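The values are calculated or read from the model by the stated rules, or taken from the named source; none is laboratory data. Given the structure is predicted, the values throughout are model-derived calculations rather than measurements. Cβ placement follows ideal geometry from the backbone for every residue including glycine, while neighbour counts extend to all protein chains displayed. Surface areas here come from the heavy atoms of the whole protein model, side chains and all, with no ligands, DNA or RNA. Shrake-Rupley method; radii C 1.70, N 1.55, O 1.52, S 1.80 Å.
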Amino acid sequence: QQLSFQSARAAQQAEMLQCVQTSEGTQKDSNGKNVNVYSYSQKWESHWIDASQFSQSQSSMMARNRGCPGFTGNPAWPSGVSQSEEVEAAQSLRAGAYTVGHNLIKNGLSVDNKRPVPLQSFANSFQALNRLPTAPPTGGYTSITATNTAVGGSGTELVTCSGAGAVGCMRIMYYKNWDTTVSAITALDSGSYTVPIDTPGGWGCSGGDWESLQPGDFTFAGFIEALKNANQTITWALRIAGLCAAWAAIYCCLAPISTAVDVFGDYLRCIPCCGEFLENVLENMVTFILCGVSCGIGCSCGLIIIALAWLYMRPLISGGILLGAAVLFCCAYGVSKSNEKEKFGKDDYERDMEMPAMGDYGQ
């Protein structure tokens, strides 16, 4: 059965009600060993979850019986139904006197996944909701057809089960682009059909074809400003992600220290009364210190790389970052030298006072 509605872009999202395993971290068992803890619940998922990979420990099976009563496994996914969102774009779109091409529509317009398409007008093409079973057949659905689906009570989804449903029930929702006006920066061929602009390359950027489409009614200046804002958002997201990756990399290098402390903490745990408290204090303190050290080293390295990359494009900002790094280095060097003087910098008078005293004691 086909559903038909007009839109520049549209999507189909199929989901199955399944039993899902969620990790809740670790905890100490009666023998003091770290064991994984899991919880279980029924959730709508857009891909099949292999229940054979679930934990088979006694505590996990008890938790699974509570979260998914009577669970024996997640049924196989129906054939012919995608396990990911299927998105399609129109081949062309008429915008005033111009025809927008497929690639421009695909890259410029998006599907509104928060506003499903109403399906009440298609209800007569499917089964009545009250004629559907409350649970799927044994082994699940082999296919989804008009004879085993109905428009759900919300009017925005096709369902295979009535009521709250059970593990193995399916639901399908449809989404589309709801925009009614668009703006574009592009070139036109002789037939008023959009074609990409041939743009020259620049420092750090390669040349190539370029065009852009955005929903809404923009002036040229407003369109350019929207593009700049979008680029700035992406740029800052990449910068933050890069600094976090540098932080994580340094922390991974220091991870053996945390592992060694964890082993030592296991011995502290054997101390009566306060052993567990001492273990937690030691492990948390070391983790806190390692996080601080790795953050300082990783983020500093990342900022220096950013500064070097900006030497050409943004020399003032780059110089400021490098100057700050130099100041931090000088401070660290000064602290190390002061500690060295404090440890080894005793004057001759102090040594003369100590040596006779040792000699007198020897007599």
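Look through T199, T180, T194, T160 and report the one residue that is free of Cβ contacts under 8 Å to residues at least 40 places away in the same chain, closer than 30 Å to G216 by Cα and open to solvent by less than 50 Å² (accessible area, probe 1.4 Å).
Within the list T199, T180, T194, T160, the selection yields T199.
Return yes when V327 is at pLDDT below 75, of a type in the set (V, I, T), within 30 Å of T235 (Cβ to Cβ) and open to solvent by 60 Å² or more (accessible area, probe 1.4 Å) and no when it is not.
yes
Exactly one condition in (1) at pLDDT 95 or above; (2) open to solvent by 30 Å² or more (accessible area, probe 1.4 Å) is false for A11; which is it?
All conditions are met except number (2).
Among (1) surrounded by fewer than 15 Cβ atoms within 10 Å (Cβ to Cβ); (2) touching a strand residue (DSSP E or B) at 6+ places or on another chain (Cβ under 6 Å); (3) at pLDDT below 95, where does S4 come up short?
(2)
Among (1) part of a strand (DSSP E or B); (2) open to solvent by less than 60 Å² (accessible area, probe 1.4 Å), where does V81 come up short?
Among (1) part of a strand (DSSP E or B); (2) open to solvent by less than 60 Å² (accessible area, probe 1.4 Å), V81 violates only (1).
Matching residues to (1) in contact (Cβ under 8 Å) with a residue 24 or more places away in the chain; (2) of a type outside the set (D, E, K, R); (3) touching a Cys at 6+ places or on another chain (Cβ under 9 Å):
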| residue | (1), (2), (3) |
| --- | --- |
| L213 | yes, yes, no |
| F218 | yes, yes, no |
| E225 | no, no, no |
| T233 | no, yes, no |
| W236 | no, yes, no |
| I250 | yes, yes, yes |
| I257 | yes, yes, no |
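Working only within region 128-148, note down all residues that are among the hydrophobic types (A, V, I, L, M, F, W, C) and in a loop (DSSP other than H, G, I, E, B).
A128, L132, A135, I144, A146
Given the criteria open to solvent by 50 Å² or more (accessible area, probe 1.4 Å), modelled with pLDDT under 90 and not basic (K, R), does F264 qualify?
So F264 passes the test.
Quickly run through region 11-43 and pick out the residues that are charged (D, E, K, R) and assigned to a strand (DSSP E or B).
Answer for region 11-43, where residues must be charged (D, E, K, R) and assigned to a strand (DSSP E or B): E15, E24, K28, K43.
I'd like the full set of residues that are within 30 Å of A226 (Cα to Cα) and either acidic (D, E) or not in a loop (DSSP other than H, G, I, E, B) (or both), limited to region 149-182.
Y174, Y175, K176, D179, V182
Which residues, counting only those in region 236-261, are open to solvent by 70 Å² or more (accessible area, probe 1.4 Å) and touching a Gly at 6+ places or on another chain (Cβ under 7 Å)?
W247
So which of S23, S4, S39, S55 ends up being more than 27 Å from the chain's Cα centre (by Cα) and either farther than 23 Å from P136 by Cα or of a type in the set (D, E) (or both)?
Step by step, each of S23, S4, S39, S55 is checked, and only S4 is more than 27 Å from the chain's Cα centre (by Cα) and either farther than 23 Å from P136 by Cα or of a type in the set (D, E) (or both).
Pick from region 51-78 the residues that are open to solvent by 30 Å² or more (accessible area, probe 1.4 Å) and assigned to a loop (DSSP other than H, G, I, E, B): which of them is farthest from A10 (Cα to Cα)?
Of everything passing the filter in region 51-78, S57 is farthest from A10 (Cα to Cα).
Filter region 85-97 down to the residues that are of a type outside the set (A, V, I, L, M) and at pLDDT below 90, then identify the one that is least open to solvent (accessible area, probe 1.4 Å).
Residue satisfying both the conditions and the ranking: G96.
Hey, could you check region 202-221 for residues that are over 29 Å from Y312 (Cα atoms) and of a type outside the set (A, V, I, L, M) and say which is least open to solvent (accessible area, probe 1.4 Å)?
Looking at the filtered set, the residue picked out is G216.
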